[in-house]
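Notes for the one structure printed next.
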Amino acid sequence: EREREQVFRISELGDSVLNMSVSFTLLVLYSALHGWLGATARADSLAGSCGNPAGAAGEVAVNSEGQLVLADCHNTTTLGGLLDQLEQLKSTVQQQQQVLQHQEQLQQLQQHQQQLLQPHDCSAVRGSDLPNHITLNAASTAAVYCDMEHDGGGWTLVAVSSDDGQDTWTWANRFYFSTNTATFGSLNNLNRDFKSPALHEVLFRDILFVHAPSGVWASYHNVSDNTMSLGRFIGNTGMQCYYNRAGFPMTAGTLQAANTLLCGSTDLYFNALDADGGFYGAGVCSPNQQETFGPCWNAREASGGRFNNGCPWDDPGNSASLGPTRPGSSAGPGEYGLPDLSGDGFTTPAVGFGQAVGLNTGTPGSGQNNMRVFVR
């Protein structure tokens, strides 16, 4: 009965070892032992032995001490001995399994270390404005454009708003700036509308705007606290009636407000409602006119504009925004401004502060007038 229990225990060990993830060598070794036992442990061979002609080599026999053995007519192995071997093999397999697990953990740590060493934004990239690959999150990397020239460098390009004849940054698509993570455009054609996944992935504190073809730029520090992306920041801001409220002051740059259509300030704002220069009353904004979504500046429309009510916040979507403009009573479906029904020129996009400062000297609709948006 004890020998039968040993046979049963050997079978259990065999199943246990086979269910483990082991190296090929150990698996072959176990299979040889398990096959040797399985092929001979038959009830009708219990009486076989080397001394009995009916007993063939490798069959189960009973030795002189009454122990159940495996006999090959040269050597005998008690089932207890085989059980000990399998126990040792199981221990070896378990050790090998632990080694493999440790190797996998080490590989995971090495991969994580490589991700940590890779730049997560352009502030960790040195010496190049060309596209660089950065780690956006634990699962992906992306090619980005880095600006190393303005205000100390380390800027990651997140968007381009261009007068390129395309209607991309429209009011209907305003959530491209916040919750809609779709991307478009190409790093190889940055005078066209462009949006990088970095707008939603790269945490930021500072923001930079560079206008073309003028080269005029403005940077704003400490806009955020480096705990969220620009997309999340814009989404969290919501629509605002700024009226005479101050915005984020310009930290560095060549943008100037004097003798321009800017309302005496280069401050940066986000998601501004239309105040039409106080037309609705002091401190009152209209929620359904030419408001804008995303970055903007406080400006008035050019002379001759049909809604030229002056500062502050004279139709911000038309006068100094990056695109998304809520259509008013006579507004069109495009990115910026109004349809040119009376020749007042408002089919031409503002391109950020470009129109208000008189910087849009490129050919309309060609992409020559554009603004790049960077974060750091």
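Overview of values
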quantity	calculated
Spans of strands (runs of 3 or more DSSP E) in the stretch 145-255 with at least 3 residues small (Gly, Ala, Ser)	155-162
Inter-residue pairs, beta-carbon under 6 Å, first open to solvent by less than 10 Å² (accessible area, probe 1.4 Å) and in the stretch 350-371, second of a type in the set (Lys, Arg), 6+ apart	GLY367/ARG192
Residue tally, condition open to solvent by 70 Å² or more (accessible area, probe 1.4 Å) and farther than 21 Å from SER214 by Cα, over the stretch 240-262	4
Tally, over the stretch 218-239, of residues that are touching a strand residue (DSSP E or B) at 6+ places or on another chain (Cβ under 6 Å) and open to solvent by 40 Å² or more (accessible area, probe 1.4 Å)	1
Which numbered condition TYR269 fails, given (1) part of a loop (DSSP other than H, G, I, E, B); (2) among the hydroxyl-bearing types (Ser, Thr, Tyr); (3) touching a Pro at 6+ places or on another chain (Cβ under 9 Å)	(1)
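The values are calculated or read from the model by the stated rules, or taken from the named source; none is laboratory data. Here the structure is a predicted model, which means the values were calculated and not measured. Glycine also receives a Cβ, built like all others from the backbone with ideal geometry; neighbour counts cover every protein chain displayed. Surface accessibility is based on the protein's heavy atoms, side chains included, excluding ligands, DNA and RNA. Shrake-Rupley method; radii C 1.70, N 1.55, O 1.52, S 1.80 Å.
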